[in-house]
Amino acid sequence: MISVKEWMLTLLLLAIPIVNLVMLFVWAFGGGTHPTKANYAKAGLLWAAIVIVIYIVIFLVFGAAFFAGMGNMERSGY
């Protein structure tokens, strides 16, 4: 069983940028990690991957709309 103190340390480490991703990979795929924490890290990595994919899709959609609008401005004489 993971203690409250250990969860507090885990959440503190996950609040630090860059360190959080490194630690999630260490806990998810490293040996000797409690299975509960390993599953939590795997779920965190899956959520991070989902968010990154959503951001990329949004960026591509708005980028395409922006460049299409710029093309229309050039043709209309602005």
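Determine if the stretch 58-78 includes at least one residue that is farther than 21 Å from N20 by Cα and within 17 Å of the chain's Cα centre (by Cα).
yes
Restrict the check to the stretch 63-77 and report whether at least one residue is basic (K, R), part of a helix (DSSP H, G or I) and surrounded by fewer than 10 Cβ atoms within 10 Å (Cβ to Cβ).
In the first step, residues of the stretch 63-77 are kept if they are basic (K, R); the result is 75.
Subset that is part of a helix (DSSP H, G or I): 75.
Applying the additional criterion that residues be surrounded by fewer than 10 Cβ atoms within 10 Å (Cβ to Cβ) yields 75.
Yes: one or more hits.
Here is a list of conditions, (1) open to solvent by 70 Å² or more (accessible area, probe 1.4 Å); (2) modelled with pLDDT of 95 or more, and K37 meets all of them except one; can you say which number that is?
(1)
The values are calculated or read from the model by the stated rules, or taken from the named source; none is laboratory data. It should be emphasised that the depicted structure is a prediction, and the values quoted were computed from it without experimental measurement. Reconstructed Cβ throughout: ideal geometry from the backbone, glycine too, with neighbour counts over all protein chains shown. Protein only, heavy atoms only, side chains kept; ligands, DNA and RNA dropped before computing areas. Shrake-Rupley method; radii C 1.70, N 1.55, O 1.52, S 1.80 Å.
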